[in-house]
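Engineer: Okay, here's the structure, questions in a sec.
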Amino acid sequence: MGKYFGTDGFRGEANINLTVEHAFKIGRYLGWHYGKEHKCNVVIGKDTRRSSYMFEYALAAGLTASGADAYLLHVTTTPSVSYVVRTEDFDCGIMISASHNPYCDNGIKLINSKGEKMSESIIADIEAYIDGVIGELPLATGDKIGRTIDYVAGRNRYTGYIISLAKNSYRGLKIGLDCSNGSTWMLAKNIFDTLGAETYVIGNQPNGFNINYECGSTHIENLCKLVKDNNLDIGFAFDGDADRCLAVDEKGNILTGDHIMYFCGKYMKANGLLKDNTVVTTVMSNFGLYKAFDEAEINYIKTDVGDKYVYEAMQTNDYRLGGEESGHIIFSKFASTGDGLITALKIMEVMLESKQTASKLCEGFERFPQLLVNVRVSDKEATLGDPDVRAAVAAVEEALGNDGRILCRKSGTEPLIRVMVEAKGEAICETMAHRVVDVIRAKGYELK
């Protein structure tokens, strides 16, 4: 991770530590870098945050000032930007979103011409330009100045692609959708309606300030209620930019990314679609998932947290399924990033092809109780390196033995230390997690 860019782009509070000047300079550098030998073309998408419009215009101004043409997808999903970049003739893509964060935050995600996350070397050069280490770049003049182009057609092509992936009609099925007042607020309903479903939609009234607010994949209790109250067959909850999806089964139970990887992995194995019989997970996946995979004789590997690392492992070995418990699920045959809409369609495929309900598909996976405590800290590195904090973690590891685990890690996008404990009971999780959290607070690292 660099000074500004973390595992999922440049994140910060709008006009506090992520400003229009940052966005303008990012646009200036990208337009200059990719426009050295030809006319540079960049596609830009955004979510529904009020500040996304501001950053869209700042990025476009920087790009066009460097001579690039900026193609605007307007409100769309992060996966759609990835799709448009990799299937059309664009040098790179930009998504303006802070994903599941509150509306006051925003982010700038950079995507290369293959629809993957931008290389660290280019990001390092962008950061050097922002900090003035690289000198001022030449401005385009005369007929070399770039332009902005309305590119709704690109978003429409993505929608068509998603619909084409569905193997079955959804006619006769009642499906709930929580769009998080974000990027899928119109898109998800259009897709499921087209496929014949009877849709029940919440989180589809964005006003610029309510993205992720008590809705979407981070507040899935609303979808649980919607499913139970209306006797729906299944529900899907997306986050703000729709690169993740969680689900709710017909009984109102939450299906995490681990549940999804479990039954999709079994289905793909049974149909000869699981390369090397392997699923890629992160260290945050639940103990129960690995026990279930062992029982199903499915192999797995663990990466660092972040869909970036999951995809790198998948790309290196040509694995077809991977993801995170949070709902970032990657089906690499169909996308180069997590795509919540594709995940929803693949869940539907498994249900319909297997002729089983979502709850039935989850049988065989028993989730270990888990507690995740987030502590806002002044210095992530110092906190994790503190001898007393390290000793507390080691003491918990010894106490849990083979009956659980603790994971203490820093967030890649926020000033947080995440303390996660899995054990045989919730009370044990609570006790063990706070052994570490209490030390972090006692040492004065917590931000009040």
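The values are calculated or read from the model by the stated rules, or taken from the named source; none is laboratory data. Remember, predicted model here, so these are calculated numbers, not experimental data. Cβ placement follows ideal geometry from the backbone for every residue including glycine, while neighbour counts extend to all protein chains displayed.
Engineer: So for the range 330-349 (the condition being touching a Leu at 6+ places or on another chain (Cβ under 7 Å), modelled with pLDDT of 95 or more and surrounded by fewer than 21 Cβ atoms within 10 Å (Cβ to Cβ)), does at least one residue qualify?
Structural biologist: Just the residues of the range 330-349 that are touching a Leu at 6+ places or on another chain (Cβ under 7 Å), to begin with: 331, 334, 342, 345.
Add one more test, that the residue is modelled with pLDDT of 95 or more, and what stays is 331, 334, 342, 345.
Next, from what is left, pick out any that are surrounded by fewer than 21 Cβ atoms within 10 Å (Cβ to Cβ): 334.
Among the residues of the range 330-349, at least one is touching a Leu at 6+ places or on another chain (Cβ under 7 Å), modelled with pLDDT of 95 or more and surrounded by fewer than 21 Cβ atoms within 10 Å (Cβ to Cβ), which makes the answer yes.
Engineer: Hey, Glu366 hits all of (1) touching a residue at least 60 places away in the same chain (Cβ under 8 Å); (2) under 24 Å from the mean Cα position of the chain (by Cα) but one; which does it fall short on?
Structural biologist: (2)
Engineer: Return the residues of the range 170-182 that are among the aliphatic types (A, V, I, L, M) and either closer than 16 Å to His74 by Cβ or in a loop (DSSP other than H, G, I, E, B) (or both); say none if nothing qualifies.
Structural biologist: From the range 170-182, those among the aliphatic types (A, V, I, L, M) are 173, 175, 177; that's our starting set.
Passing the criteria: only Leu173.
Engineer: While we're looking at this one, here's another question. Could you grab me the full set of residues in the range 10-22 that are of a type outside the set (Lys, Arg) and farther than 11 Å from Ile126 by Cβ?
Structural biologist: Residues satisfying the conditions are Gly12, Glu13, Ala14, Asn15, Ile16, Asn17, Leu18, Thr19, Val20, Glu21.
Engineer: Any residue in the range 211-222 that is more than 19 Å from Asp243 (Cβ to Cβ) sitting within a Cβ distance under 6 Å of a residue that is in a loop (DSSP other than H, G, I, E, B) and hydroxyl-bearing (Ser, Thr, Tyr)? List the pairs, counting only those 6 or more apart or interchain.
Structural biologist: Nothing qualifies.
Engineer: I've got another one for you. Every residue in the range 2-54 that is among the hydrophobic types (A, V, I, L, M, F, W, C) and either in contact with a Gly (Cβ under 9 Å, 6 or more places away or on another chain) or within 21 Å of Ser119 (Cβ to Cβ) (or both), please.
Structural biologist: Within the range 2-54, Phe5, Phe10, Leu18, Ala23, Phe24, Ile26, Leu30, Trp32, Cys40, Val42, Val43, Ile44 qualify.
Engineer: Are any of the residues in the range 148-168 without any contact (Cβ under 8 Å) to a residue 40 or more places away in the chain and not in a helix (DSSP H, G or I)?
Structural biologist: no
Engineer: When you scan the range 183-287 for helices (runs of 4 or more DSSP H) that lie fully inside it, which ones turn up with 3 or more residues that are touching a helix residue (DSSP H, G or I) at 6+ places or on another chain (Cβ under 7 Å)?
Structural biologist: Values: elements: 187-194, 221-229, 257-270.
Output list reads 187-194, 257-270.
Engineer: Could you count how many residues in the range 252-290 are hydroxyl-bearing (Ser, Thr, Tyr) and closer than 21 Å to Gly235 by Cα?
Structural biologist: Looking only at that region, the number is 3.
Engineer: Looking at the structure I just gave you, is Met95 aliphatic (A, V, I, L, M), surrounded by fewer than 23 Cβ atoms within 10 Å (Cβ to Cβ) and in the same structural domain as Glu13 (by TED's automatic domain parsing)?
Structural biologist: Working: aliphatic (A, V, I, L, M): yes; surrounded by fewer than 23 Cβ atoms within 10 Å (Cβ to Cβ): no; in the same structural domain as Glu13 (by TED's automatic domain parsing): yes.
In short, no.
Engineer: So in the range 291-325, with the set limited to residues that are within 26 Å of Asp239 (Cα to Cα) and aliphatic (A, V, I, L, M), which one is surrounded by the fewest Cβ atoms within 10 Å (Cβ to Cβ)?
Structural biologist: Ile301
Engineer: Restricting attention to the range 427-441, does a residue exist that is surrounded by 14 or more Cβ atoms within 10 Å (Cβ to Cβ), acidic (Asp, Glu) and in contact (Cβ under 8 Å) with a residue 24 or more places away in the chain?
Structural biologist: Within the range 427-441, one or more residues are surrounded by 14 or more Cβ atoms within 10 Å (Cβ to Cβ), acidic (Asp, Glu) and in contact (Cβ under 8 Å) with a residue 24 or more places away in the chain.
Engineer: If we scan the range 372-380, do we find a residue that is surrounded by fewer than 16 Cβ atoms within 10 Å (Cβ to Cβ) and either without any contact (Cβ under 8 Å) to a residue 40 or more places away in the chain or touching an Asp or Glu at 6+ places or on another chain (Cβ under 6 Å) (or both)?
Structural biologist: No, the range 372-380 has no match at all.
One line per residue, one yes/no per condition, for (1) surrounded by fewer than 24 Cβ atoms within 10 Å (Cβ to Cβ); (2) closer than 15 Å to Thr77 by Cα; (3) modelled with pLDDT of 95 or more; (4) among the small types (Gly, Ala, Ser):
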{"residue": "Ala188", "(1), (2), (3), (4)": "no, yes, yes, yes"}
{"residue": "Phe192", "(1), (2), (3), (4)": "no, no, yes, no"}
{"residue": "Ala197", "(1), (2), (3), (4)": "yes, no, yes, yes"}
{"residue": "Phe209", "(1), (2), (3), (4)": "yes, no, yes, no"}
{"residue": "Cys215", "(1), (2), (3), (4)": "no, no, yes, no"}
{"residue": "Leu223", "(1), (2), (3), (4)": "no, no, yes, no"}
{"residue": "Asp241", "(1), (2), (3), (4)": "no, yes, yes, no"}
{"residue": "Asn253", "(1), (2), (3), (4)": "yes, no, yes, no"}
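Engineer: Looking at Gly146 and the list (1) outside the structural domain of Ser52 (by TED's automatic domain parsing); (2) touching a Lys or Arg at 6+ places or on another chain (Cβ under 9 Å), which single condition is not satisfied?
Structural biologist: That leaves (1) as the condition not met.
Engineer: Would you call Val436 of a type outside the set (Asp, Glu), assigned to a helix (DSSP H, G or I), within 16 Å of Leu372 (Cβ to Cβ) and touching a helix residue (DSSP H, G or I) at 6+ places or on another chain (Cβ under 7 Å)?
Structural biologist: Answer is yes for this residue.
Engineer: Here are some residues: Thr48, Thr77, Thr87. Which one is β-branched (Val, Ile, Thr), out of contact with any helix residue (DSSP H, G or I) (no Cβ under 6 Å at 6 or more places or on another chain) and surrounded by fewer than 22 Cβ atoms within 10 Å (Cβ to Cβ)?
Structural biologist: Thr87
Engineer: A further question follows. Cβ-Cβ distance below 6 Å, separation of 6 or more or different chains: which pairs start in the range 251-277 with a residue that is among the β-branched types (Val, Ile, Thr) and end on one that is assigned to a loop (DSSP other than H, G, I, E, B)?
Structural biologist: Cβ pairs passing all conditions: Ile254/Ile220; Thr256/Glu325.
Engineer: Return a yes/no flag: does the range 408-424 have any residue that is under 27 Å from the mean Cα position of the chain (by Cα), buried (at least 21 other Cβ atoms within 10 Å of the Cβ) and without any contact (Cβ under 8 Å) to a residue 40 or more places away in the chain.
Structural biologist: yes
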